[in-house]
Structures are given as structure tokens and as C-alpha cells.
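Trainee: Here it is, the structure in full.
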Amino acid sequence: ARVDATITYTDTSVKLPSGAVGRAWVQIAGDEPLVARRAVELPESFLRSDREKQTNRMLIAGLAGLLLVGGIITGALVVTRRRPIVLHDGVLSRGQTVGFLGGVAILAVLDRLQSLPTQLFSYDTSEPWSRFVGTTLLGFVAVVPIALFVLGVWLTLGALRRRVGVPMAPESASPQSDVLVSGLGIGAVVYAAAHFDSLVPTTGIPRTPMTMLDLAIPMFGGVAGVPSSALMMAAFVAIPILVVGGIASNWKVRAIIGAAIAALIAVLVANLAPPGESDPARLAGLVVGVALVALGVRAWGTSSALSWIVAALGFQALNGLRLAVYAPTGQERVAGALTLIVSAVLVALIRGSTQRIRTASS
């Protein structure tokens, strides 16, 4: 029985050049005004030109993304079909698979509960409440496909590493120290590469500041997503490198494939970056960052797969440390400290179980 409407007025008191006009918006719910805003409406010719430019950028980014993902998937299929298995360690049993899926699903539910206030705040009163609640609950059911996706990515990573010859645990005299040193080394390199472009000044509009105050319990932040994020981060970085290493034995062919992957990533980032942030200096920084990650994984990541998980946890620990020091609010600083603590505890658990995993694999 209520009608929501937005009424737009032309602000004739403001004279703007190039065909731009001032506008005033009043949003009304029934007979009650909710919001009144003033803004500038740009000329239609400018909007058409900008829309065409953004559409072209999205098409180029989509094509580069399809080539990148399709190439990696094709390479993974070629490696798994043509190369024999040289290692038989790290295979999940049925009980371990069920526990893996259950753990990822529970953590995904906790993460969605954290973001529930934001979802409720986005409710549009023109939509029936029952439909909105059903859609929101359907998002919680979606944690099952998410858990299956994480499991599939991890199984793909395991299949590739067993064919390339990367063991689950180091085969050295001190595997625990090797996992810790190599994993933290890779994590530090990846963190430095991810923030390498911050050394280049930007000329565009600064990004909108983001906080964690819209979460249900801001001080817990994204702690529930630390394990799943670590697994996915390790897989997304290691799978392309394993594909390049397993698809060819000639280092020249590997260099060509690696350069093609780096070029596609540069095209993808350049077309998805906000205006003013896709300058050549930042693209060069991106290429240098990808090269640093590849060299770091080549130097420290071939000893064991556990070091990849430790590297991802180390990356998140550094992010938590940065948040704990520079976050604008006290609750976010607590969230950063908790992320650092949880990541450090998980690293300690992996280090403590390295010897047991090595014994079970042998």
C-alpha cells in the first residue's frame, strides 16, 4: 500500500560548462522524504564516450582472463595426462576429505555471519521481505559448492605436484626448520611483490577508504577465513608455476610460457584497474612482482608443498600486522592482531606436524 519514488529536479541556480547540469534528487517512501541529494549530471555525449571506453576495457579484460584461465586449465590437463605420477604422498583419505569439506563449510558459514549486517542493510523495501530472506538464506547454502570448489582446487594442486615431483614434506635432515624458513621466505617475497606498486605514486583519484565496522563483530574481522584463504592463495600461485614447470623441460619454452602468462596478467590488471592507476610504471611494477614471486617459489618452493601453505599464512600474518599498526579504529587493530595470532598458530601447527606427515608419506 506504499509507493516509493525518487523525484529529480533541475538545479537552475548552478551554471556548468560543456552541457553539464545540476540536479537535485529527493527520495520519498510513501509520504515521507528520506534523502535529499545534490549532484552534477554529466553531458550525454561524455557518458556515451566513457561507457564505450569502459565496455572496450571490460571486453579486453574478459578475453585476457579467458585466455589465462583456459591456458592454465589446458596446461594442467596436459600435465596430468602425459606425465606419470612420481610421488604418492599427501593423498587425502575419505575421512580426511569429509573433515576438509566440513571445516571449510563451517568457516564459510562463520564468514557469512560476519557479513550479515551488510546484507541486511542492502534490503530494498520494494522487494518482498520473504523473498529477501530466502535469497539471504540461499547464500548460506552456497557454502557447500564453495567447499567443493576449494577441495577441487587443492586436489588439482596435489595432482600437479605429484607429477612434477614436489613432496608434501621436505626430505631433508631438518624438515621442520626447512618448512618454516622456506615458507616464510616465499610469503615475504609474495607480500613484497603484492605491495611493490605502492612505491609508484598515483595520479588518479584515491580509492574509497574501507573499514571492518560493517561486520557483525568487527574485532574478529576475517579470522574465520584465514585457513580457506591460505589454501586458495597457495593453490592459485602454485598451480600456474607447476603447469609451466611440468608442461615442458626446456627452460626456453618455460620462459616463453611464463612471459605469456605475465603479459596476460598485465593486460587483465591494466584494464580492470581504476582510471589513473594503470600507468606504465605500475604495470612494470606488476611484471617485476610476478617475476619475484616466480623466483621465490623456484628458490624455496620446490622443497615441499607445506611451505606453500606456510607462505600463504605468512602473507596473511604480514597483512594482519600492517592492519594492527595502521588501522584507523581500535576494533580493526584488534582484528589485525587476531589475524596475526591465528596465522602464527596455524604455522606452528604445520611445523609441528611436518615430521608426522613425512613419516606417513614414506
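Trainee: Determine the share of the chain's accessible area contributed by carbon and sulfur atoms, expressed in whole percent, with a 1.4 angstrom probe.
Mentor: 68 percent
Trainee: Further question: Give me the number: length gained by fully extending HIS88 to ASN56, i.e. 0.36 nm times residue separation minus the C-alpha to C-alpha distance, one decimal in nm.
Mentor: My answer for the length gained is 6.8 nm.
Trainee: Considering only C-alpha atoms, what is the centroid distance from the range 292-362 to the range 1-33, in Å?
Mentor: Spelled out, the Cα-based centre of one part sits 51 Å from the other.
Trainee: Using only DSSP helix segments of four residues or longer, with each worth -39500 (n - 2.57), what per-residue ellipticity at 222 nm results for the chain after dividing by its residue count and rounding to 500?
Mentor: Result for the chain, helices only: -23000 deg cm²/dmol.
Trainee: With 5 Å bins from zero, work out the P(r) of the range 1-142 over every alpha carbon pair and list the percent per bin.
Mentor: 2, 7, 7, 7, 8, 11, 15, 12, 9, 7, 5, 4, 3, 3, 1, 0
Trainee: Something else: Along the Cα→Cβ direction, 7 angstrom out, place labels at VAL181 and ALA260. What is the inter-label distance in nm?
Mentor: Calculated label separation equals 3.7 nm.
Trainee: To continue, here is another question. Would you calculate the separation in nanometres between label points at MET210 and LEU113, each defined as 7 Å from the Cα along the Cα-to-beta-carbon direction?
Mentor: Label at MET210, label at LEU113, 2.3 nm between them.
Trainee: Next question. Tilt of helix 226-247 relative to the longest C-alpha principal axis of the chain, in degrees (0 to 90, nearest 10)?
Mentor: Orientation of helix 226-247: about 60 degrees from the principal axis.
Trainee: Report the gain in length on full extension from GLU127 to TRP251: 0.36 nm times residue separation, minus Cα-Cα distance, nm rounded to one decimal.
Mentor: That pair, GLU127 and TRP251, stretches by 38.8 nm at full extension.
Trainee: If you count only protein heavy atoms and use a 1.4 Å probe, how large is the accessible surface of MET212, to the nearest 10 Å²?
Mentor: 50 Å²
Trainee: OK, next. Once a ≥ b ≥ c are taken as the square roots of the eigenvalues of the Cα gyration tensor of the chain, is the result rounded (a/c under 1.5), prolate (a/b larger than b/c) or oblate (a/b not larger than b/c)?
Mentor: prolate
Trainee: For LYS15, LYS252, give the ranking by accessible area with the largest first, probe 1.4 Å.
Mentor: Correct descending sequence by accessible area is LYS15, LYS252.
Trainee: So, taking all protein chains as they sit and a 1.4 Å probe, how much accessible area belongs to THR8, in Å² rounded to tens?
Mentor: 70 Å²
Trainee: FRET efficiency for ILE73 and LYS15, Cβ-Cβ distance as r, R0 = 56 Å, nearest 0.05?
Mentor: For ILE73 and LYS15, the calculated efficiency is 0.50.
The values are calculated or read from the model by the stated rules, or taken from the named source; none is laboratory data. If you're wondering where the values come from, they're calculated on a predicted model, not measured in any experiment. Quick reminder, even Gly has a Cβ in these numbers, built from the backbone with ideal geometry, and neighbours come from all protein chains shown. Only protein heavy atoms, including side chains, enter the accessible area calculation; ligands, DNA and RNA are left aside. Shrake-Rupley method; radii C 1.70, N 1.55, O 1.52, S 1.80 Å.
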